[in-house]
Structure formats: structure tokens, C-alpha cells
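K.L.:
Once you've had a glance at the structure underneath, I'll fire off some questions.
The values are calculated or read from the model by the stated rules, or taken from the named source; none is laboratory data. Keep in mind that this is a model prediction, so the values were computed, not measured. Note that we place each Cβ from the backbone using ideal geometry, even for glycine, and neighbour counts take in every protein chain shown.
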Amino acid sequence: MTLRRLGFALAMAVAGSVLAITSSLGAALAADPPAPTTLTVLPTADQQPGKPVLLSAKLTDKSGQPLGNQTINFFVIPGVFGPDAMMRVGKAVTDGTGVAQIPYTPTWIGDVKAAASFTATPTLAGSQATFQFKTVGPVRGHTNAEFGLQAVRDWAPWVVAVLVAAIWATFIIVIVRTAIAMRSGGPKESSTPAGEHLAGAKT
Amino acid sequence: MTIALSSPALTQSNIREAAVKPILQGGWKWWSLFAVLTAIIAAGAAAYGYQVMKGLNVTGLDQRVSWGFYISNLIFFMGISYGAAIASAVMRLTAVPWRHGLTRMLETIGLSAALAGALFPVLDLGRPDRAWYLIRYGQIGSPVVWDVIVVTNYLVAVLLFFYLPSIPDMAYCRDQLGQKVGKLRRGLYRGLAVGYGGRPNQRRVLGQSITVMSILIIPVAAAVPSVLAWLFSVTVRPGWDSTIFAPYFVLGAVFSGVASLVVVMALVRKAYHLESVITEQHFKMLGYGLIALGAAYLYFMIAEYVTEGYKMGEAGTQLELVLTGRLAWLFWTFVIGGIILPILAIALPFSRNILGITIAAFAMVLGMYAKRFLIVVPGLAESILPAGTLEVYHPTWVEITITVAAAAAIPWLLMVFFRLFPVLSIYEDGTAETAAASEGE
């Protein structure tokens, strides 16, 4: 008797689960797909010395209407870890005009490739945009302590370079001078008596 | 008083005949030895090919001990080279009267050992193409770049130092050997003699060039062991914190260079029957030099270890490894068998003969190899992290094969050079005759 009850309860549980899954799938299929969005990057001015840059992006729907209160992530693409590897530098929420912006202090000099990204929600599709700007480098908040004998460190490579150049100049002078002297004319091979050309030779 | 170092009966003509004897004398013994050495070198080349294909993991090197046999070999072979070059240059500049039988051999040893030794940094890199990175991306602040600069300078210098005194000898071979040698060697002599005809201007300029190179090669050669020493002592390794490494390395180089010369001299003397040119007196003079150099090296080593040992705080350092630890057998074998006993063998009259001095010099050469290993490996084996353990380094068959091949490459190169160049400097034999004549006075 007890077994029958247990079997009935199990069957009802399975049937209930199947019904629940089927109905939620149906609801999902019947719901509207997420609305497409567009992320437009606002022009980023090149960095001025000592100042951060402002990374800005505007999120709109398919009819161009701004989408407020949505989170935008900003990334830089260092390129060191591969062309697609992105490093997040901050996030901001869009305002009523759909604009989100963050200040960013660059940590290197040159062209910076960056990206703004909106992650998909149940009702809105994700979107992403990349952009580029120039930096003049970070402004140091400190000054490196000088190593000892900094003056010597400055001129030592030049002294070494001069010494090496002097050594090579000597090599070249020795080679050229010897070659010229050898070409200055000697007796023909057959006319040189045994050992005659060696006489008196000393270092 | 002039020290007699050649037989009184020896004439200039005899010396020249003796000098070119190896060029004309081949024979099955020469070819057999040449074939054996070639086979050993080929085995080394094959081992290196295997290393290039498989990577450095086929060696005993690892992240900690990254300089094992290869860098020990670099210091050892380059040490022999610049030691020989410096010894020859000093002999020339000080006009040592008994140098004439030795300078060519010293310069040939210098060139051969440099060619063998200079390959080892490339071997240690693993991928040979990375050698280019040292030039392309090298920074002048790195001692490795200093090493590239000084080794390059030295290779050019030793080549010139070998070649310039050979020019008149090449002219002699060009003019006197004629049909006794093949077409190839006749062409070689014609080319290398570069038109030398013994004219006063040629002799004067050549003499000046040799003198300039004799002066220049001393600092250029001394710079190589000095920079190698700095490469060690500026690295953050407790066992290498030393201010005397540079002169210590230069001294070790001259010591092993002169010891190698004695061994080569004995072999060449025996092989080419140069007993009348290279006498027992040559061996004794070099033997006295070896006593002084060996004693000085011992002094430097004691100074180094006393300083390091006195300040040593905790157990498990490289000094313990060397003096009482796993490598103690090698260290004490070097001290007793490579320095003290050879010095005694040369100092004591009953063993101060050609055989005794040669055996002593050979023991010194082997001992100096062991010492280079004891400088390189224990220094890296010690951990620089707190509570780290000593690393154990075991060279593999790849490193051993390549090392044996490099050791074989030096006699191989000497055999080749002495088949092409006179084994004695004919250029300077006039003074040798004078020395012989002085003996009769």
C-alpha cells in the first residue's frame, strides 16, 4: 500500500516537472527577442600632459532613442596578451541622454586602443564599439631616487664606446698599413733565395 | 749570460727544416689520430643537433643552475686561449731570448682554444638564433653585452696576432716548399703571404704591426676574463660577491694557458722530433713560471674563501658545498692534485724533468677545469630565497659529449694548423741562432 502511494507521488512529481519545463519553454519562445541596441563612441580627445582622458559612449535603441540607466564597461586593449584580450578600466551608468563616461589615466605612451561594451540584458541585446586615442604617458606621482654615481653611469658607456672604437681603429690601421706595405712590391716568388727575405726580421 | 735553449750545433737551416717538418710529414699515425678526433667532434655536433631539436631540457641545466658545463667550458677554453696569447705577447715585448720555439705554439693554442671556447655561450642559449637578440636588443648596462663586445674584440685580435707573424713564414713556404706540397696549399701560401718579399719596408712595417698587436692583445685579452668575472660578481649570488674575481680570472687564465703550452710543447716535441729545438731548459723555464702562477692562484683562492667564509652566517651555503659537502672531493682533488703536488713535482730536482713537468702541467690543466666548474655551479646551486635548499646539478650525456668534442677540437685544430703553418716561427729564428752561438762563448 505504501509502495503504491510512493509510486503515485513520484509519478505526479515527474509529470509536474515536465509540465513546468514545457510551460516555461513555451513562454520563453513566445516572448519578444531582446531589442537591439547601438553603442556609439563619443570622440575622445588626445590626452593632455598631466590630465586624464574622458572615455564616453552613448547607448541607443534601434530607433536612435537614448537608453538611460544602463551599465557600460570600458576597456583598453593592450595587445600584449593577444589582439582580443581586453583590460577593464572602469564602468559607468548611462544618464538620461544615454551617455556614460569615465575618466581614465593612461599608463603608457602612444596609441591606445580602447573599447566600450554593453552587456546584454533579458530585454536589450549587447553591443560593443572600439576606438583609439593618443596618450603622452602617465604623470609620475613620485621621482625615482638616483642610483649612486649617476654621473659615472651617464658617461661610462661613452668611455667604453670610445675604447672599443679605438681598439677597432687600431685593428684597421694595422691591417691596412700591413696590406699596403706588402703590396709595395717584393721579388717574384721564384727569385727569392731560401730564407733571404727573413734575414734581420725581429719584433 | 744567455741561457742556451737550443743545441749549439743547431743552425738556422736546421730550425727551418724542423719548423716545416709537420707540414710535409703526414703518415698513417697523423691520419689515424685526425680521424679519431674528427669522429669525436662529429659526435659532439650530433649531440648539439639533438639539443637544438629537443631543447635545453635534454641537458642537466634548469632554472637555478643555468650555467653548468657550457659556461665552465667557456671560461676554461677561453682562459687557455687568452692565457696563451698574453704569455706570447709578454715574451715578445720583453724579448725573452728563449721564446722563439714557443711563440707560434702559444699563438696557435690561443687561436684554437678561442675558436672552441667562443661557441659555448651560443650552446648555452639553447636556440642559436637568440644570439642575434643580444646584438639587436642588447643594453649596454648588461654585462652579457660587455661579454659579447670583449669576446668579439678578442677573436679579431687573436686572429691578427696569429696571422701577422706568420706572413714571412707563409712567404718562406711559398718560395721553398714548391712541389713538396699540393696545389691547394701552394695557393694558400701564395694568398696568405700577401706578396711579402722581405723588402726593408715590408720588414719594418710588419715588425711594427706585430709590436702594436703584442701590446694591444694584452689589455684586449685581459678584458675577456675580467668581464667574465664581472658577469659573475655583479650577479646577485652570495658565492660570487667578490671584488677580486677579475684578477683571479686573469691569473687563472695565464696559469692554465702556460700549463697547456707545456703539454702541447711536449706532444709536438715528441711527435715531430723537435728535441734539438725544444729542450729541457724550455720546460724548466716554463715550469718555474707555473710554480709562481700556481702559488699566486692558491693565494687568491685562499683570500677569496677566507673572506667569504668569515662572513658566512647560515648553514647550507655554496662554500660548505665546496669545502665539506658533496663537491668537496672535487675541490680537494684540485687543491692537492692540481696545485700542490704539481708545484712540488716541478720544484723538486728529481722530478724536474720533461716528463715530470709535463705530467704536472697536465694535472694543472685538469685541475683548472675542475676549479672553473667549482666557481660556476656551486654559486648557482645556492638558493637566494630564505630557507632555500642547494640545487643538485648533473650534466647529461649531451653536455658531456659536447664537452669532450670541444676538448678534441683543440688538438684537431692544432693538427690542422701545424699541417699548414710552420710549427716554429721561422721569422724569428735568427735570434735563436744567436742564442745558440752565445752558448759557445
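K.L.:
Output the residues belonging to segment B:88-138 that are over 25 Å from B:Ala406 (Cα atoms) and among the charged types (D, E, K, R).
P.N.:
B:Arg92, B:Arg99, B:Arg136 - these are the residues of segment B:88-138 that are over 25 Å from B:Ala406 (Cα atoms) and among the charged types (D, E, K, R).
K.L.:
To continue, here is another question. What about B:His273, is it outside any helix (DSSP H, G or I) and either under 30 Å from B:Val20 (Cβ atoms) or in contact with a Phe, Trp or Tyr (Cβ under 7 Å, 6 or more places away or on another chain) (or both)?
P.N.:
Criteria met by B:His273.
K.L.:
Here's another thing I want to ask about it. Filter the helices (runs of 4 or more DSSP H) completely within segment B:289-365 down to those with at least 3 residues that are in contact with a Pro (Cβ under 8 Å, 6 or more places away or on another chain) and surrounded by 20 or more Cβ atoms within 10 Å (Cβ to Cβ). Walk me through how you get there before you give the answer.
P.N.:
Values: elements: B:318-323, B:328-333, B:341-347.
Helices (runs of 4 or more DSSP H) meeting the threshold: B:318-323.
K.L.:
Something else: Evaluate the following for A:Ala28: is it modelled with pLDDT of 70 or more and not in a loop (DSSP other than H, G, I, E, B)?
P.N.:
On the way: modelled with pLDDT of 70 or more: no; not in a loop (DSSP other than H, G, I, E, B): yes.
No, not satisfied.
K.L.:
Can you tell me which of B:Gly207, B:Gly191 is within 9 Å of chain A (Cβ to nearest Cβ), surrounded by fewer than 20 Cβ atoms within 10 Å (Cβ to Cβ) and within 22 Å of B:Cys173 (Cα to Cα)?
P.N.:
On the way: B:Gly191 fails: within 9 Å of chain A (Cβ to nearest Cβ).
Just a single option satisfies the conditions, and that option is B:Gly207.
K.L.:
Same structure, new question: I'd like the residue in segment B:140-182 that is away from chain A (no Cβ under 11 Å) and of a type in the set (Ser, Thr, Tyr) and, out of all such residues, is farthest from the chain's Cα centre (by Cα).
P.N.:
B:Ser142
K.L.:
For segment B:98-118, how many residues are among the small types (Gly, Ala, Ser) and modelled with pLDDT under 85?
P.N.:
Total satisfying the criteria: 1.
K.L.:
Check segment A:150-166 and report whether any residue there is surrounded by 14 or more Cβ atoms within 10 Å (Cβ to Cβ) and within 16 Å of A:Pro52 (Cα to Cα).
P.N.:
No, there is no match, as no residue in segment A:150-166 is surrounded by 14 or more Cβ atoms within 10 Å (Cβ to Cβ) and within 16 Å of A:Pro52 (Cα to Cα).
K.L.:
If you take just the strands (runs of 3 or more DSSP E) that sit entirely in segment A:70-139, which of them hold at least 2 residues that are more than 15 Å from A:Val53 (Cβ to Cβ) and free of Cβ contacts under 8 Å to residues at least 24 places away in the same chain?
P.N.:
A:87-93
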